[in-house]
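The values are calculated or read from the model by the stated rules, or taken from the named source; none is laboratory data. Only a predicted model underlies this, so the values are computations on that prediction, with no experimental measurement involved. Every residue, glycine as well, gets a Cβ built from its backbone with ideal geometry; the counts of neighbours run over all protein chains shown.
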Amino acid sequence: MKNKINNLKIINTDILIIGGGGAGLRAAIEAYDNRINNAKIIIVSKSLPGKAHTVMAEGGIAASLGDVDDKDNWKVHFSDTFKEGVYLGNYKMIEILVKEAPERVYELEKYGALFDRTKEGKIMQRAFGAHTYKRLCHIGDKTGMEIIRVLEDQVLKRNIEFLDELQITKIFKHENKIIGAIGLDLKSGNFILINCRAIILASGGCGRLYKTTSNSLETTGDGLAMAYDIGCELIDMEMVQFHPTGMVYPLGVKGLLVTEGIRGEGGILLNNKNERFMKKYSPKRMELDARDVVARAIYNEIKIGNGTEHNGVYLDISHKGASFIKKKLPAMYEQFKEFADIDITKQKMEVGPTVHYHMGGIKTNPGTCETNINGLFAAGEVAGGLHGANRLGGNSLADILVFGRRAGLFCSKYINENKRANFDIMSNLLLKQQINLEIRRINNYLSLYSFKSLKNKNNNNLVVYELLDLLKSTMNENVEIIRSEKSLKNALKVINSIKNQLKNIKVNGTTKYNRGLLACLELENELKIANCIIKSAIKRTESRGAHFRSDFPKTSKLWKKNIICKKQNNSLKLTLVKVPELSKNLKKILAD
Amino acid sequence: MNKIIKIYKSQENKFKEFEVPIQEGMVVLDAVIYILEHFDSTISVRWNCKAARCGSCGAEINGLPKLMCKTRIDSIKEDIEIKPLKIFKNVQDIVVDVSDTWEIKKKMPGFEIINKFSNKNISTKEMKIYEIDVERAQEFKKCIECFLCLDSCHVIREHKTNYIGPMHVVKTASFDMNPIDKKIRIDFLDKNGIRYCNVTKCCTEVCPAHIKITDNAIIPEKERINDKKIL
């Protein structure tokens, strides 16, 4: 074997953070502030700084400050979160989340964030689905953007390196310890090997597995797939959240989020008969019930023929008046005006369910964010177990800050305690071979490196898009709000057939900023995750939260279990683990 | 209905032409994605949120800097011509190298909290901030950092100066007009060419977040510099 690999640049760091969203940035800040011996920290992101999916978060961050409803406290927040996650969420994680969220909000203020204010100069909090009190601290409907900006300001102040447009494609471990990762630098087309002692995965969810989703185009589940590949345990993968309200029209923005903040500020849902149909489904909470309930209600209204022209239902906030709407929901006003020619201060919106969030993800130690691989930490949407079967609005912004910080803290502790030097991957023959294999895996997608495909240069190089489309529409139709064994097995068949076709895919161009090549990598990752989601969904023979089975429509006590996915001998192994019993103290809180 | 879309290909240094079927409500980025999926997957293009929130997909569309995800096809009568933003070094096709903007942000004096709030143990009850004081900075915090204003600025486009450009003045203003920030940044702005701006308001015109960049950020900052110099 040659000693050098062409186009391979080698970088050394102590901590590698994969993902430049809220969780990744918060982790970087904490890791930096707790490091010793000038440990080096690098953030890599496949997009530009400040562009990660966090910018799309709208409604707010849930924290029981009690600034608007002074009865609120962490106990009520705990009980709301645990109950609406239908008793599947990890209670230790939830307790940490609800206790630490207020601190994280105040900290954002000290970083320079400017929340909307109450008359008394306190932080304004708005109502949101299934939150007992007004709890969501917000900046209009652009909360995520403010969070990512102020975190970025903090990163800029520190000596943290940010490598943008670098897509990590594989993580390496040696004797169950993290030793590095390899990726593709989009701008140069070079492969980059990063030797490191620990990795924090903060790479977000996988909403783009579906055709109709509120997620950014980059939310393709790479982190989940890479973690799965090295034997990391994944939890609750079947739990995919459908947000009740996404745009349904025009086609180009189908799925784009319409914030729950609209309902929080008084928006109502109507069907084509002008009935406020939530009366039928949830007479008490109406539009502000948990997302799974409202999403299923909308789904049902459309199915029974009460839908609108573009297969949605109406959402109306016009009664609140133009000045209120423009102040509290400026992005929504703009979004409908620009994309759909709808003036929401006067007209009704058309909305329908859209894939929004993945409650499932990497299984972590509740307090430390450590995974079953030494030196691998995970935080944010890529991690699972916190939200159980359904996530409450605003809990995910709290999640990325609370657990982003913890991942950074415990990761720096880990490297402080494990004072080994960086493992020199290139000096180990076996690992070097793995690197070669990884580079070959990617290059193999390029017709440039293949004699056969040169012949049909113009025909075959776009098949990847057909397959991606097939995967996404299959997920849309078969692994949706309401599933059954039949629909799920059908999806599995399609996925296996796509997997077989994947081997022959070739695209034109080079490794440099090649959208076609990135589509191939996306497809390969998404197939792995889809497999986990579908098999877990088949396994869970009950309905709970976001997972609704038409063939098992009831919630079963026997199913207070988490499903764990793990790769073993190259195939997926599912294990059932009982949800841990609550402590006495927490049981009492739930009972109150 | 079909539309002619011309995209700049850097390797050949010319425009490549495609005919794309148009649906109602379609934006330019939809057409570009259609082209990738049906004609040529090698076109380098940057995107992310596809909802005008992240500011990744800026390009010159028929000569004007715009977000591809926000520009409706039906807003343009002629054939559509897509070029990369001119002021940046080209990486490939429509993708440009914006890494300098990160370096400028690094140099910019960041947010620093006023003394009465800097105590670690201060609770929010004592940290009273009022809506009226927040609104001014909130306008600048709407900035999605899409680089369009930089591309539209003739000081940057046509002259070689050290002016950091509107986007960075907006960022500076978002710190300066934050009611709980204590730092003074006029020296930074003065040293970084703000005086070159001769308030033609092109930046304001192209801003997809509708920030009144010139009136509310650049002019007040210029005035602060002058006030200080006179004093």
When segment A:68-105 is checked residue by residue, the ones that are surrounded by fewer than 18 Cβ atoms within 10 Å (Cβ to Cβ) and touching a strand residue (DSSP E or B) at 6+ places or on another chain (Cβ under 9 Å) are A:Asp69
So B:Lys142, is it under 30 Å from A:Leu186 (Cβ atoms), facing another protein chain (nearest Cβ under 9 Å) and either touching a residue at least 40 places away in the same chain (Cβ under 8 Å) or buried (at least 17 other Cβ atoms within 10 Å of the Cβ) (or both): yes
Going residue by residue through segment B:13-26, is there one that turns out to be at positive phi and not assigned by TED's automatic domain parsing to the domain that holds B:Ile186? yes
Pick from segment A:469-525 the residues that are of a type in the set (Ser, Thr, Tyr) and in contact (Cβ under 8 Å) with a residue 60 or more places away in the chain: which of them is farthest from the other protein chains (Cβ to nearest Cβ)? A:Ser484
Exception for A:Gly66 within (1) at the interface with chain B (Cβ under 8 Å from one of its Cβ atoms); (2) part of a loop (DSSP other than H, G, I, E, B) falls at (1)
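Somewhere in segment A:121-129, is a residue surrounded by fewer than 19 Cβ atoms within 10 Å (Cβ to Cβ), touching a residue at least 24 places away in the same chain (Cβ under 8 Å), not hydroxyl-bearing (Ser, Thr, Tyr) and not assigned by TED's automatic domain parsing to the domain that holds A:Ala546? Spell out the reasoning first.
Quick first cut of segment A:121-129, residues surrounded by fewer than 19 Cβ atoms within 10 Å (Cβ to Cβ) only: A:121.
Next, from what is left, pick out any that are touching a residue at least 24 places away in the same chain (Cβ under 8 Å): none.
No: segment A:121-129 contains no residue that is surrounded by fewer than 19 Cβ atoms within 10 Å (Cβ to Cβ), touching a residue at least 24 places away in the same chain (Cβ under 8 Å), not hydroxyl-bearing (Ser, Thr, Tyr) and not assigned by TED's automatic domain parsing to the domain that holds A:Ala546.
Residues are listed down the side, and each one gets a yes or a no for (1) among the aliphatic types (A, V, I, L, M); (2) at the interface with chain A (Cβ under 10 Å from one of its Cβ atoms); (3) surrounded by 12 or more Cβ atoms within 10 Å (Cβ to Cβ):
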{"residue": "B:Lys77", "(1), (2), (3)": "no, no, no"}
{"residue": "B:Ile82", "(1), (2), (3)": "yes, no, yes"}
{"residue": "B:Ile87", "(1), (2), (3)": "yes, no, yes"}
{"residue": "B:Val91", "(1), (2), (3)": "yes, yes, yes"}
{"residue": "B:Asp100", "(1), (2), (3)": "no, no, yes"}
{"residue": "B:Ile114", "(1), (2), (3)": "yes, no, yes"}
{"residue": "B:Tyr130", "(1), (2), (3)": "no, yes, yes"}
{"residue": "B:Val134", "(1), (2), (3)": "yes, yes, yes"}
Cβ-Cβ under 7 Å pairs, at least 6 apart or on other chains, segment A:309-321 side in contact (Cβ under 8 Å) with a residue 60 or more places away in the chain and of a type outside the set (S, T, N, Q), far side part of a strand (DSSP E or B) and surrounded by 18 or more Cβ atoms within 10 Å (Cβ to Cβ): A:His310/A:Glu350; A:Gly312/A:Glu350; A:Gly312/A:Val351; A:Gly312/A:Gly352; A:Leu315/A:Thr245; A:Leu315/A:Leu269; A:Leu315/A:Met349; A:Leu315/A:Val351
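Determine whether B:Gly110 is crowded, with 23+ Cβ neighbours inside 10 Å and facing chain A (nearest Cβ under 9 Å).
Numbers: crowded, with 23+ Cβ neighbours inside 10 Å: no; facing chain A (nearest Cβ under 9 Å): yes.
Judged against the criteria, B:Gly110 is not a match.
Collect the residues in segment A:284-308 that are part of a loop (DSSP other than H, G, I, E, B) and farther than 27 Å from A:Asp141 by Cα, keeping them in residue-number order.
Kept after step one, since they are part of a loop (DSSP other than H, G, I, E, B), are these residues of segment A:284-308: A:284-285, A:289-290, A:304-308.
Passing the criteria: A:Ile304, A:Gly305, A:Asn306.
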Is there any pair linking a residue in segment A:548-569 that is closer than 30 Å to A:Met226 by Cα to one that is small (Gly, Ala, Ser) and outside any loop (DSSP other than H, G, I, E, B), with Cβ under 6 Å and at least six apart or on different chains, and which? A:Ile563/A:Ser536
Could you list, in sequence order, all residues of segment A:463-479 that are over 17 Å from the mean Cα position of the chain (by Cα), of a type in the set (D, E, K, R) and under 17 Å from A:Ile534 (Cα atoms)? A:Glu477
Criterion first (of a type in the set (D, E, K, R), out of contact with any Pro (no Cβ under 8 Å at 6 or more places or on another chain) and either on the phi > 0 side of the Ramachandran plot or without any contact (Cβ under 8 Å) to a residue 40 or more places away in the chain (or both)) does A:Glu175 satisfy it? yes
Within the bounds of segment A:353-372, is there any residue that is at pLDDT 95 or above and part of a helix (DSSP H, G or I)? no
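Given the structure, is A:Asp164 within 8 Å of chain B (Cβ to nearest Cβ) and not hydrophobic (A, V, I, L, M, F, W, C)?
Numbers: within 8 Å of chain B (Cβ to nearest Cβ): yes; not hydrophobic (A, V, I, L, M, F, W, C): yes.
Yes.
Which is on the phi > 0 side of the Ramachandran plot and not aliphatic (A, V, I, L, M), of A:Gly393, A:Gly380, A:Gly367, A:Gly404?
A:Gly380
Please verify whether B:Ser10 is among the small types (Gly, Ala, Ser) and surrounded by fewer than 18 Cβ atoms within 10 Å (Cβ to Cβ), treating the condition exactly as stated. Spell out how you get there, then give the answer.
Working: among the small types (Gly, Ala, Ser): yes; surrounded by fewer than 18 Cβ atoms within 10 Å (Cβ to Cβ): yes.
Judged against the criteria, B:Ser10 is a match.
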Determine if segment A:144-157 includes at least one residue that is in a strand (DSSP E or B), crowded, with 24+ Cβ neighbours inside 10 Å, in contact with a Ser or Thr (Cβ under 9 Å, 6 or more places away or on another chain) and in the same structural domain as A:Arg104 (by TED's automatic domain parsing). no
Consider only pairs whose beta carbons are under 9 Å apart and that are at least six residues apart or on different chains; among these, list those whose first residue lies in segment A:436-447 and is under 14 Å from A:Asn190 (Cα atoms) and whose second residue is in a helix (DSSP H, G or I). A:Arg440/A:Tyr449; A:Ile442/A:Leu517; A:Ile442/A:Cys520; A:Ile442/A:Leu521; A:Asn443/A:Tyr449
Which of the residues that make up segment B:151-169 are away from every other protein chain (no Cβ under 14 Å), in a helix (DSSP H, G or I) and crowded, with 24+ Cβ neighbours inside 10 Å? B:Asp151, B:Ser152, B:Pro166, B:Val169
Select, from A:Glu103, A:Glu58, the only residue that is acidic (Asp, Glu) and touching an Asp or Glu at 6+ places or on another chain (Cβ under 7 Å). A:Glu58
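Among A:Ala383, A:Ala340, which is outside the structural domain of A:Glu95 (by TED's automatic domain parsing) and either within 19 Å of A:Cys232 (Cβ to Cβ) or at pLDDT below 95 (or both)? I'd like the intermediate steps shown before the answer.
Details: A:Ala383 fails: outside the structural domain of A:Glu95 (by TED's automatic domain parsing).
Checking each option against the conditions leaves just A:Ala340.
Among the helices (runs of 4 or more DSSP H) contained in segment A:389-502, which hold 1 or more residues that are surrounded by 14 or more Cβ atoms within 10 Å (Cβ to Cβ) and modelled with pLDDT of 95 or more? Working first, answer last.
Details: elements: A:395-417, A:429-443, A:451-455, A:463-478, A:485-502.
Of the helices (runs of 4 or more DSSP H) lying wholly inside segment A:389-502, those with at least 1 residues that are surrounded by 14 or more Cβ atoms within 10 Å (Cβ to Cβ) and modelled with pLDDT of 95 or more span A:395-417, A:429-443, A:463-478, A:485-502.
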Taking A:Ala57 as meeting all but one of (1) surrounded by fewer than 20 Cβ atoms within 10 Å (Cβ to Cβ); (2) in contact (Cβ under 8 Å) with a residue 12 or more places away in the chain; (3) within 11 Å of chain B (Cβ to nearest Cβ), write down the number of the exception. (1)
Pairs with Cβ under 6 Å, 6+ apart, first in segment A:137-156 and without any contact (Cβ under 8 Å) to a residue 24 or more places away in the chain and within 8 Å of chain B (Cβ to nearest Cβ), second assigned to a helix (DSSP H, G or I) and surrounded by fewer than 23 Cβ atoms within 10 Å (Cβ to Cβ): A:Leu156/B:Lys105; A:Leu156/B:Lys106
If we keep just the residues of segment A:187-231 that are β-branched (Val, Ile, Thr) and surrounded by fewer than 23 Cβ atoms within 10 Å (Cβ to Cβ), which is farthest from A:Val258 (Cα to Cα)? A:Ile192
